[in-house]
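A.B. asks: Quick one: this structure, given as structure tokens, is what I'll be asking you about.
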Amino acid sequence: MQKTRFALIGCGAVSENFYLPVLAARKDCVITHLVDKDIQRAAVLEKKHRLNSVVLSDYHELRGDIDYAIIALPHFLHLDAIEHLYKNNVSVVCEKPITISFKEAERVKELALSNRNWKFHAAFVRDFFPQNQFICEAVKTGSYGKLLSADIEEGFRYDWPAQSDFFFTKKGSGGGVLIDTGSHVFSTLLSLVKGYDMRSLQYRDDENGGVEAECELQMSLNGIGMHVKLSRLGPLKNRLSIEFEKAKMVLQLNKAQGIIAEHGAAEKEIPFVPKLLTRCFDEMLTHFLTLEPISEQYTNELTRSIEVMRIISNCYKNREKLSKPYLGLL
């Protein structure tokens with residue numbers, strides 16, 4: 001069996017904890033290159049997983065002797081890496097956010113549509129969470145009537161084991177919690193609707209010369225009211241509440257738990273089968289490898305990843321100050 005050849009560009013936390021162990025365990029894939037500016041770190045990981053891979057410090061050294069590259073770089077480098085890989089006909093799996101602006105995201109779509117032998121995938125791994133799959137199926141089948149509203153709160157004290165400080169600079173990351181956590185959140189919301197008619201956007205955050213740690217927005221998407229609240233400072237409710245014509249669901253974002261209450265009936269638990277996060281990454285890669293670039297699903301997923309960046313860019317463009325009364329006490 002011919003194996004799919006992967007290069008892993010960026011050897012930070014998401015690569016070390018998820019992509020490396022998942023790819024190393026697959027029999028249909030082989031990691032041929034590890035790339036990181038810190039070449040010693042890449043070499044340590046290569047040795048740890050016994051990969052027999054080429055270790056590089058610059059992704060521009062990659063050429064067309066690989067099939068796929070996973071981009072897990074600081075956000076501001078994404079577009080440059082994508083364009084280099086496109087020129088060498090190397091398909092891409094890109095960590096979120098795919099770029100740092102909507103303009104850059106449009107360039108990615110232009111590349112993807114200009115060459116149907118080249119594939120681009122945004123790594124929205126939450127598509128493979130059981131709770132997300134459940135809600136998407138409910139919308140698709142119309143089991144509970146039309147979708148009326150959606151409300152997401154996600155917050156935690158930020159503790160991601162980042163290997164560099166780019167997360168905390170505008171130049172490096174493009175923003176704070178909105179472009180980071182918000183990329184996943186907006187991808188989830190967009191997967192529930194057909195079309196991307198966004199109106200009545202109201203956005204506030206606590207950005208004060210740096211990157212935002214908290215934000216809140218309300219918008220209408222295809223006539224469906226949506227509310228989003230995000231934080232890196234502390235825990236929020238961490239749940240997705242969905243109102244249908246015939247029922248209401250409340251799903252936990254970070255674990256396979258949820259309840260549903262059909263109108264006139266008592267609440268009941270949704271019987272999810274939990275998944276390890278590594279399994280979700282594995283299923284995501286399987287999906288990408290088997291998805292045909294001429295398929296409607298591929299085009300829809302590509303468009304969704306671009307529209308995520310449209311929402312984020314519009315939020316930053318229409319930013320208002322988030323009220324923080326406690327700041328005056330500092």
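The values are calculated or read from the model by the stated rules, or taken from the named source; none is laboratory data. These numbers come from a predicted model, not from an experiment. Glycine also receives a Cβ, built like all others from the backbone with ideal geometry; neighbour counts cover every protein chain displayed.
A.B. asks: Tally up the residues in segment 152-180 that are surrounded by fewer than 17 Cβ atoms within 10 Å (Cβ to Cβ) and part of a strand (DSSP E or B), please.
C.D. replies: 1
A.B. asks: For segment 253-266, which residues satisfy the criterion of being part of a strand (DSSP E or B), in contact (Cβ under 8 Å) with a residue 60 or more places away in the chain and either surrounded by fewer than 17 Cβ atoms within 10 Å (Cβ to Cβ) or touching a Gly at 6+ places or on another chain (Cβ under 6 Å) (or both)?
C.D. replies: Glu262, the sole residue that qualifies.
A.B. asks: Scan Phe134, Phe120, Phe129 and give me the residue that is within 18 Å of Ile259 (Cα to Cα) and crowded, with 21+ Cβ neighbours inside 10 Å.
C.D. replies: Phe129
A.B. asks: Taking the condition of being outside any loop (DSSP other than H, G, I, E, B) and either modelled with pLDDT of 95 or more or hydrophobic (A, V, I, L, M, F, W, C) (or both), how many residues in segment 181-217 meet it?
C.D. replies: Of the residues in that region, 20 qualify.
A.B. asks: Tally time: how many residues in segment 5-17 are in contact with a Cys (Cβ under 9 Å, 6 or more places away or on another chain) and either of a type in the set (Phe, Trp, Tyr) or surrounded by 17 or more Cβ atoms within 10 Å (Cβ to Cβ) (or both)?
C.D. replies: Residues that pass the stated criteria total 1.
A.B. asks: For segment 19-75: of the residues being at pLDDT 95 or above, surrounded by fewer than 18 Cβ atoms within 10 Å (Cβ to Cβ) and among the acidic types (Asp, Glu), which is farthest from the chain's Cα centre (by Cα)?
C.D. replies: Filtering segment 19-75 for residues that are at pLDDT 95 or above, surrounded by fewer than 18 Cβ atoms within 10 Å (Cβ to Cβ) and among the acidic types (Asp, Glu), the one farthest from the chain's Cα centre (by Cα) comes out as Glu61.
A.B. asks: Are any residues in segment 267-276 free of Cβ contacts under 8 Å to residues at least 40 places away in the same chain and either of a type in the set (Asp, Glu) or assigned to a loop (DSSP other than H, G, I, E, B) (or both), and if so, which ones?
C.D. replies: We begin by selecting, within segment 267-276, every residue free of Cβ contacts under 8 Å to residues at least 40 places away in the same chain; these are 267-269, 271, 276.
If the condition is that a residue be free of Cβ contacts under 8 Å to residues at least 40 places away in the same chain and either of a type in the set (Asp, Glu) or assigned to a loop (DSSP other than H, G, I, E, B) (or both), then Glu267, Glu269, Pro271, Leu276 are the ones that fit.
A.B. asks: When the residues of segment 240-295 are narrowed to those that are of a type in the set (Val, Ile, Thr) and in contact with a helix residue (DSSP H, G or I) (Cβ under 8 Å, 6 or more places away or on another chain), which ends up modelled with the lowest pLDDT?
C.D. replies: Val273
A.B. asks: Among the listed residues Asp65, Asp38, which satisfies the condition of being over 20 Å from Phe166 (Cβ atoms) and out of contact with any His (no Cβ under 6 Å at 6 or more places or on another chain)? Write out each step before concluding.
C.D. replies: Working: Asp38 fails: over 20 Å from Phe166 (Cβ atoms).
After applying the criteria, what remains is Asp65.
A.B. asks: May I pose another question? Just to be sure before I move on: is Lys140 in contact with a Phe, Trp or Tyr (Cβ under 7 Å, 6 or more places away or on another chain), assigned by TED's automatic domain parsing to the domain that holds Gly234 and assigned to a helix (DSSP H, G or I) in the structure I sent?
C.D. replies: It is false that Lys140 is in contact with a Phe, Trp or Tyr (Cβ under 7 Å, 6 or more places away or on another chain), assigned by TED's automatic domain parsing to the domain that holds Gly234 and assigned to a helix (DSSP H, G or I).
A.B. asks: With Glu301, Glu307 as the choices, which residue is under 29 Å from Gln218 (Cβ atoms), in contact with a Leu (Cβ under 7 Å, 6 or more places away or on another chain), acidic (Asp, Glu) and modelled with pLDDT of 95 or more?
C.D. replies: Glu307 is the lone residue from the list that is under 29 Å from Gln218 (Cβ atoms), in contact with a Leu (Cβ under 7 Å, 6 or more places away or on another chain), acidic (Asp, Glu) and modelled with pLDDT of 95 or more.
A.B. asks: Of the conditions (1) of a type outside the set (Gly, Ala, Ser); (2) in contact with a Pro (Cβ under 7 Å, 6 or more places away or on another chain); (3) not in a loop (DSSP other than H, G, I, E, B), Phe288 fails just one. Which one is it?
C.D. replies: Tallying (1) of a type outside the set (Gly, Ala, Ser); (2) in contact with a Pro (Cβ under 7 Å, 6 or more places away or on another chain); (3) not in a loop (DSSP other than H, G, I, E, B), Phe288 fails exactly one: (2).
A.B. asks: Out of (1) over 24 Å from Lys146 (Cα atoms); (2) modelled with pLDDT of 95 or more, the odd one out for His227 is which?
C.D. replies: All conditions are met except number (1).
A.B. asks: Pick from Ile242, Ile152: which is farther than 26 Å from Asn17 by Cβ and assigned by TED's automatic domain parsing to the domain that holds Ile311? Give the derivation first.
C.D. replies: Numbers: Ile152 fails: farther than 26 Å from Asn17 by Cβ.
From the options Ile242, Ile152, the qualifying one is Ile242.
A.B. asks: Still on this structure: Looking only at segment 218-242, how many residues end up being part of a strand (DSSP E or B) and either farther than 22 Å from Ser173 by Cβ or hydroxyl-bearing (Ser, Thr, Tyr) (or both)?
C.D. replies: Of the residues in segment 218-242, 13 are part of a strand (DSSP E or B) and either farther than 22 Å from Ser173 by Cβ or hydroxyl-bearing (Ser, Thr, Tyr) (or both).
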